[in-house]
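To start, the structure under review is shown below, and the notes come after it.
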Amino acid sequence: MKDITSLGLLHQIIRYVLVSIGYWGIFKKCGVKPYYSWIPLAREYHIGVCANREKEARTFTIIAALSEVLGLINNLSNKDTTFFLILAVVTLSLQIALVVYMIRIYLGLIEIFNQKKRWLLGFIFIESITTLIWGFSSKFVPGRQVSDQNAREGVKVSGTEAPVIESGLTVNIAERKIVDFFKKKVLLKDIHMNIPRGHMVLLLGGSGAGKTTYLNAVTGYEKADAVVKLDGQDIYTDYAKMKYDVGFVPQQDLMRGNDTVALTLTDAASLRLPSSVSFFKKKKRVNEVLEEFGLATVRNSLVEKLSGGQRKRLSIAMEYISDPTLFILDEPDSGLDGVVARGLFEKLRAIADQGKIVIVITHTPDRVIDLFDDVIVLAKDASRTGRLAWYGPVDEAREFFGKDTMEGILLSINQKDEGGEGKADEFVEKYTDKCQKEAG
Amino acid sequence: MSEGGRVSNMEIEATKHTGRFPQMIIYLGKLFRMFVFQSDWKVLPMAAIIAGLVSFAVGDSLFKTMEGTLMGTFALACVCIWNGFFNSIQVVCRERAIIKREHRSGLHISSYIVAHVIYQAVLCMAQSAITIVVLYYTKVTLPDKPLITGLAIVDLWLTIFLVTFCADMMALMVSSLTKSTTTAMTVMPFLLIFQLVFSGGFFALPEQAEPITNTTIAKWGMTSLCAQADYNSLPMVSVWNTMFKMKDVEIEGQKPVWEFLKYAEANDLKEDILIQTASYNTMPEYNFDPVVVFKCWGWLLLWTLVYIAVAVAALEFIDKDRR
């Protein structure tokens with residue numbers, strides 16, 4: 001019996017070594033550091049990365065880790081106990097999940113290496129031999145390399161901080177980074193600007209350029225390595241108080257459809273307005289805002305019965321009710337036709353003219369660009385970090401990028417694999433030089 | 001609030017916003033409005049229908065015999081768990097994105113959850129009352145000896161309420177932990193099966209599984225109901241019924257079982273035999289004792305508090321939700 005156990009262990013070790021050698025070759029071909037092939041769990045994750053199945057690889061790694069821990073506990077526990085049986089059932093369930101995820105990952109690898117799907121049987125039944133063949137035969141070449149974004153050099157930083165202004169928004173973001181599955185990712189870097197009160201600003205950037213990250217960092221919702229001041233007051237250190245002076249309207253109309261318009265707004269007023277404001281003043285404010293946003297006629301209608309435009313106006317009104325100084329809107333015109341969208345942006349322009357700062361993300365900027373004062377252009381640099389490619393007046397932006405339209409600007413900074421011109425690095429560097437020159 | 005002009009730093013510092021208690025009131029108002037506008041009210045007639053079905057299935061011998069009481073209280077506990085689960089399983093996860101937005105605007109998660117707790121408590125109270133009314137009108141014999149409050153029906157209502165409410169809070173916790181209604185509805189049957197299998201009262205479990213039974217709502221609900229019904233004083237009919245089935249068994253041309261049954265019937269001994277049989281099958285954990293009931297209620301309240309705490313803690317991380 002003991003011999004059988006020893007043989008089993010020896011088989012496990014040989015199998016692990018052979019698969020690791022095979023993975024070594026595969027990792028090298030795919031551009032992943034080959035030593036990961038010897039590290040338990042790291043190799044499971046990285047084979048998934050090679051297969052362009054990172055999401056599955058994460059789940060696979062977590063399940064594999066859990067499975068190992070349970071296996072260890074099971075080996076240490078008494079085989080005759082109920083506890084052992086329960087653990088064995090859970091371990092078996094995890095093993096089933098592991099096999100399913102392994103199949104998904106190997107199918108991804110087959111796709112990347114442009115091979116026939118029957119190789120999957122090889123990976124399942126003779127994994128060690130198959131991985132050795134794939135790792136060391138010159139016939140097996142991946143169609144895509146894993147790019148290590150962290151290893152790439154990003155565009156140089158300006159390091160010129162924006163001086164704090166007494167009336168308006170001062171943004172000095174050094175860096176916004178996250179640690180995601182043991183990897184550090186820099187989402188935003190070197191963003192400095194002053195936005196005076198009364199300005200309506202367009203936030204432009206391609207997919208993944210960091211627009212939402214920027215907005216979350218500016219509002220203090222997700223703090224960055226930054227100093228953000230509104231009228232000289234630090235948003236980060238006084239976030240608990242300052243958040244009421246910042247209105248953020250999300251892209252989706254996040255409201256309860258089965259409540260009435262007036263009551264939705266009344267509840268929003270109760271949440272957002274200072275507690276010192278009396279009930280009657282709140283009611284008055286609700287009525288004013290209903291009138292201002294053209295919702296008075298539907299005040300007793302259920303939210304779910306409103307049209308797209310009315311719903312959007314209500315969503316904006318919910319934030320506007322507290323009269324915030326900084327007003328941010330994420331694609332307020334999504335799903336609205338041109339006329340309704342134009343009306344909405346004119347309303348936003350009127351809000352800015354009251355001395356507020358309005359920052360808007362929109363994917364159809366050109367139909368309303370005349371209403372904006374400034375434009376912020378964010379772009380992904382070579383290291384896939386969101387960088388500032390422009391902040392300033394709209395007309396100067398056209399001149400800077402040599403484009404007539406905002407969509408043209410967007411096209412020029414988008415990566416080539418996204419159908420753009422791939423000039424992000426060029427413009428980020430040009431803008432950095434401009435800032436450095438202006439700062440002397 | 002500024003009038004379009006600047007808000008001074010001191011003004012912002014000094015401004016106080018709606019606290020936890022007023023926020024809870026706002027949400028409570030919202031939830032009761034939803035009760036009318038939305039389909040939440042449907043849980044009340046649903047409770048009546050389910051209670052009616054249980055009464056039809058097990059009502060005849062519920063609180064009358066040991067076997068009927070064991071089966072009936074198990075069914076009753078399951079009904080309460082079912083009602084509780086359905087009340088809350090989707091309430092948080094279906095509006096998760098809205099909660100995230102409101103949290104960003106200053107919503108206190110504890111206020112939100114406490115509003116749900118109070119609202120659900122009211123729903124559970126109503127459902128428990130409806131269940132008892134249905135049992136009463138379908139002629140189910142209800143316990144008549146009070147143990148805690150002086151009124152047996154109130155004791156029964158309290159137990160049914162605590163079981164329903166505990167299950168409701170468990171569902172609220174699941175709803176707070178899951179990010180979609182699909183996930184919540186997938187998890188629910190697993191929890192229900194766990195409650196049924198590991199209650200330990202109806203299905204015999206190995207000794208090692210005993211600690212697990214303490215985590216189930218069904219166990220404490222069933223134990224409390226059995227204790228309130230004075231389970232150990234009820235007659236046991238299974239031996240008599242088995243003997244009746246064996247009445248034609250012949251031994252050396254005689255039918256001794258039949259003879260015995262005839263003798264017992266003729267001398268009014270049947271009830272005594274049923275009670276005597278029961279006395280050999282009493283269970284101390286179902287004693288007609290306030291301590292037993294208080295212990296069950298204590299466990300139910302403890303788990304209710306744990307579920308509420310986990311729900312609050314889980315939702316505090318709502319800002320981490322991806323878009």
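Shape class for segment A:252-336: oblate, because the ratio a/c of the largest to smallest gyration tensor axis (alpha-carbon atoms, square roots of eigenvalues) is 1.5 or more and b/c is at least a/b. Ranked for footprinting exposure by Cβ neighbours inside 10 Å, fewest first, A:Thr131, A:Thr212 give A:Thr212, A:Thr131. For segment B:24-33, backbone phi angles converted through the Karplus equation (6.51, -1.76, 1.60; θ = phi - 60°) give residue-by-residue couplings of 4, 5, 4, 5, 4, x, 4, 5, 5, 5 Hz, Gly and Pro being listed as x. Once C-alpha pairs closer than 8 Å and six or more residues apart are averaged by separation and normalised to the residue number of segment A:2-145, the relative contact order reads 34 percent.
Each label point was placed 7 Å from the Cα along the Cα-to-Cβ direction; for A:Arg367 and A:Glu418 their separation is 2.2 nm. Taking the helices alone, chain A has a mean residue ellipticity at 222 nm of -15500 deg cm²/dmol, built from -39,500 (n - 2.57) per DSSP H run of at least 4 residues and averaged over all its residues. Separation of segment A:364-440 and segment B:185-199, taken as the distance between their Cα centroids, equals 55 angstrom.
Distance from the alpha carbon centroid of segment B:237-264 to that of segment B:54-107 works out to 44 angstrom. Between segment A:117-145 and segment A:310-347, the C-alpha centres lie 54 angstrom from each other. Taking 4.7 Å between beta carbons as the limit, the unpaired Cys residues of the protein assembly as shown are A:Cys435, B:Cys78, B:Cys80, B:Cys93, B:Cys124, B:Cys166, B:Cys226, B:Cys296.
Checking the a/c ratio against 1.5 first, then a/b against b/c, what shape does the Cα gyration tensor give for the protein assembly as shown? Note, shape of the protein assembly as shown comes out oblate. Here the sum of -39500 (n - 2.57) over DSSP H runs of 4 or more residues, divided by the residues of chain B, equals -22000 deg cm²/dmol at 222 nm, to the nearest 500. Each Lys or Arg adds one and each Asp or Glu takes one away; over the other residues whose Cβ falls under 14 Å from the Cβ of A:His363, this sums to -4. Please report the antiparallel percentage of DSSP beta bridges with both residues in the protein assembly as shown, rounded to the nearest 5. Antiparallel bridges make up about 60 percent of those DSSP assigns within the protein assembly as shown.
Cross-link pairs exceeding 31 Å in C-alpha to C-alpha distance, out of A:Lys185/A:Lys434; A:Lys403/B:Lys320; A:Lys156/A:Lys229; A:Lys29/A:Lys423; A:Lys28/A:Lys185; A:Lys284/A:Lys347, comprise A:Lys403/B:Lys320.
Close amide-amide hydrogen proximity is noted between A:Ile359 and A:Val201, A:Phe327, A:Ile328, A:Leu329, each under 5 Å apart and 5 or more residues distant or on a separate chain (H modeled in the peptide plane; Pro and chain starts excluded).
All of the numbers you see were taken from the coordinates with simple rules; none came from a lab. This one's a predicted model, so the numbers in the text were calculated from it and none came from an experiment. Quick reminder, even Gly has a Cβ in these numbers, built from the backbone with ideal geometry, and neighbours come from all protein chains shown.
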